[in-house]
Amino acid sequence: MRIDKFLNAVNITKKRSIAQDMLTSGVIKIDGIPIKASRNIKTGDVIEIDYLEKPRFYQVLQIPEQKTIKKNESHLYYKEIQE
């Protein structure tokens, strides 16, 4: 699954277009490297999002099979880690 679709599907971003803008701006990284919206993610990837106040890190636990999931099920697909 593409990272922009993943971020939207698991409710990290509200809209896919927001995720795409963040990716274009270089705010979202994997392994410290800015990535493109077309990058496929896999289980175990650590996504870094550089928010203005501080960066946040999310570890991918599994890839959703549906386009959207319920907000109360998002903990099944990623976990926020502290670094």
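Could you check region 64-83 and list, in sequence order, the residues that are free of Cβ contacts under 8 Å to residues at least 24 places away in the same chain and either surrounded by 10 or more Cβ atoms within 10 Å (Cβ to Cβ) or more than 17 Å from Lys14 (Cβ to Cβ) (or both)? First the steps, then the outcome.
Of region 64-83, the ones free of Cβ contacts under 8 Å to residues at least 24 places away in the same chain are 65, 70, 72-73, 75-76, 79.
Answer for region 64-83, where residues must be free of Cβ contacts under 8 Å to residues at least 24 places away in the same chain and either surrounded by 10 or more Cβ atoms within 10 Å (Cβ to Cβ) or more than 17 Å from Lys14 (Cβ to Cβ) (or both): Glu65, Glu73, His75, Leu76, Lys79.
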Kindly establish whether Lys15 is out of contact with any Leu (no Cβ under 6 Å at 6 or more places or on another chain) and in contact (Cβ under 8 Å) with a residue 40 or more places away in the chain. no
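Take Lys29 and decide whether it is in a loop (DSSP other than H, G, I, E, B), farther than 13 Å from Asn8 by Cα and among the basic types (Lys, Arg).
On the way: in a loop (DSSP other than H, G, I, E, B): no; farther than 13 Å from Asn8 by Cα: yes; among the basic types (Lys, Arg): yes.
No, not satisfied.
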Of everything in region 31-52, what is closer than 16 Å to Ile81 by Cα, out of contact with any Lys or Arg (no Cβ under 7 Å at 6 or more places or on another chain) and not small (Gly, Ala, Ser)? Give them in sequence order. Asp31, Thr43, Asp45, Val46, Ile47, Asp50, Tyr51
Scan region 55-72 for residues that are at pLDDT 90 or above and farther than 20 Å from Asp4 by Cβ and report the count. 0
With the condition kept exactly as written, say whether any residue in region 50-63 is aromatic (Phe, Trp, Tyr), closer than 16 Å to Ile12 by Cα, part of a strand (DSSP E or B) and out of contact with any Phe, Trp or Tyr (no Cβ under 6 Å at 6 or more places or on another chain). yes
Taking the conditions exactly as written (in contact (Cβ under 8 Å) with a residue 60 or more places away in the chain, surrounded by 10 or more Cβ atoms within 10 Å (Cβ to Cβ) and farther than 12 Å from Asn11 by Cβ), does Ile47 satisfy them or not? no
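The values are calculated or read from the model by the stated rules, or taken from the named source; none is laboratory data. Values in this document were obtained by computation on a predicted structure and should not be read as measured data. Positions of Cβ are generated from backbone atoms using ideal geometry, with glycine treated the same way; all protein chains shown enter the neighbour counts.
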